[in-house]
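Here's the structure, in structure tokens; my notes come after.
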Amino acid sequence: TGQGSDACHSGGMTSHAHDPFACFLARPARYEQDEATPDVRTAIAEAICERAGNQGCRTATDLLAVLERAGLTAAGMSRLTALSDLPAGDLDSATMAAQLGSDALELVQQALDGHLAVSNFENFSSRLANIFAYARDVTGGALADYIPELAKQDPSAFGLAVCTIDGQQAAFGEADTAFCQQSAIKPLIYALAMGLNGENQVHRHVGREPSGRRFNELALDPDNRPHNPMINSGAIMCSAMIRPGLPVADRASLLQRFVGSAAGGSKVGIDQAVYESERGTAKRNLALVKLMDEHDAFPEGVDPAAALDLYFRACAMTMDCRQMAVVAATLANGGVCPTTGHRVIDSRIVRNTLSLMLSCGMYDYSGEYAFTVGLPAKSGVSGGLMIVVPGLGGFGLWSPPLDRQGNPVRGIEVSRLLVESFPFHLFAGVTGS
Ligand code: GLN
């Protein structure tokens, strides 16, 4: 797995002699690219046909089968939609160059060359299937019960999905069941607030230090700001900075569209019953708003009640594990969604978001998680967990029973098994495992 580490050893120092830090970019993300000229497209299409032929792959159907084994499907990514329209029969480079954009052509070429983020995807998925099966046997934990919708979740529900920075996807168990994201949406509230207001303005009103307290603790930092955007007060503050002048419904739909774009241009819903229950059991969050208001923590002109309303709608936003994995892969890819090829989040904002997920994403287990797993992640009380492997891809997981800290029990188990099985820990690069 991982495409970049050899770049470092095989001539990285000579070919990147002008850049003494090239070695640090061991896992380069795939950024959006300009459309290539027709000549270049024809050259790539010719190379594809030749390589496909060498691999015994003659027709468009054969090619789709090869891609599917690499985890790439036209259904799973809009970048490849045009592939399914290739005429049946032998592959023909002129038709291919005319019908496919350079984005799709380059991806197909990489797949045939074995140069995708995960080169042996079949092997990778079967190892993930083992991890999934192992974690399924792990029991324990308790459902969140502060609202009826969460108390009646099925404790045995378990889904896991992966997406790489090249859009390779696999899913296990209940990966297609949408569930309310709760706190797992917080990184996206923050990223959108940053995109709309800039870093200085956002961090004038919210810190970036772990709080060392429960996620809904009535506490502010020494500057009277919420400690960070991954706890309730900080997420309410970031919600306050999402287009405060618009009606709440429009602000919610902006956030839904933003999250949907990061999730491959898919639809993000709102669970109305969850939203109403959140509003009905809002005492603690109301107290947090009061506390912040009393300390003049909100930006000028903001209606704190509307910010709280937006926060509840955000907690009630629904995605399934597959969508979460694509969002995680968008973050892993520096903000360009791997399945659409569109930039959704500015790269600097992605860096900030990942830093906060690493230091504050797993409640009071964040330090321990950073130590043992070493990956940016965010959990939520509905049992969702988003894990980012920067430069490689991401995972979406759902398993409702929570441990004492509020993290999904099976999510912690899967995280532990992932870093045991693959060199995913952020510092694996310097330790070799
Ligand atoms: N809706 C929950 C709350 O605001 C979300 C918290 C969570 O997922 N930790 O309390």
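Any read-out appearing in this document is the output of simple, stated calculations on the displayed coordinates, not a laboratory observation. Since the model is a prediction, treat every value here as computed from it, not as a measurement. Quick reminder, even Gly has a Cβ in these numbers, built from the backbone with ideal geometry, and neighbours come from all protein chains shown.
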Karplus-derived HN-Hα couplings along the range 276-285 (A = 6.51, B = -1.76, C = 1.60, θ = phi - 60°), whole Hz, x at Gly and Pro: 5, 5, 4, 5, x, 10, 8, 3, 5, 5
Cα-centred dipole magnitude for the chain, charges only on beta-carbon of K, R (+1) and D, E (-1), debye, nearest 20: 800
Cβ-defined net charge surrounding VAL248, 13 Å radius [Lys, Arg +1; Asp, Glu -1]: +1
The range 175-234, relative contact order [Cα under 8 Å, separation at least 6], %: 33
Highest average packing first - 359-368, 279-288, 230-239, Cβ atoms within 10 Å: 230-239, 359-368, 279-288
Summed side-chain charge close to GLU122 - residues other than GLU122 whose Cβ falls under 11 Å, Lys, Arg +1, Asp, Glu -1: +1
Backbone HN-Hα couplings from phi across the range 221-235 [Karplus 6.51/-1.76/1.60, Hz, Gly and Pro as x]: 7, x, 9, 6, 10, x, 4, 6, x, 9, 10, 3, 4, x, 6
Debye-sum result for the chain in log10 I(q)/I(0), which assumes one identical scatterer on each alpha carbon, at q = 0.07, 0.09, 0.14 Å⁻¹: -0.35, -0.57, -1.25
Extreme residue, positive dipole direction of the range 347-418, given options VAL373, CYS360, VAL389 (C-beta unit charges): VAL389
For ALA170, distant residues with modelled amide H under 5 Å away: VAL162
Karplus 3J(HN,Hα) series, Hz, for the range 152-161 with 6.51 cos²θ - 1.76 cosθ + 1.60 (x for Gly, Pro): 9, 5, 7, x, 8, 4, 7, x, 8, 9
Separation between Cα centres of the range 35-67 and the range 293-343, rounded to whole Å: 39
Amide hydrogen neighbours beyond the local backbone of SER119, cut-off 5 Å, H modeled: GLY2
CD proxy at 222 nm, helix term only [per DSSP H run n ≥ 4: -39500 (n - 2.57); per residue of the chain; nearest 500]: -13500 deg cm²/dmol
Chain lengthening between THR81 and ASP250 when straightened (0.36 nm per residue, less Cα-Cα): 57.8 nm
Relative contact order, percent, the chain [alpha-carbon distance under 8 Å, six or more residues apart]: 20
Where only alpha carbons of the range 61-177 are counted, the Rg and the Dmax (Å): 18.9, 60
Relative contact order (percent, whole number), the range 348-412, Cα cutoff 8 Å, 6+ residue spacing: 24
Distant-in-sequence amide H partners of GLY393 (H built 1.01 Å from N, under 5 Å): ILE165
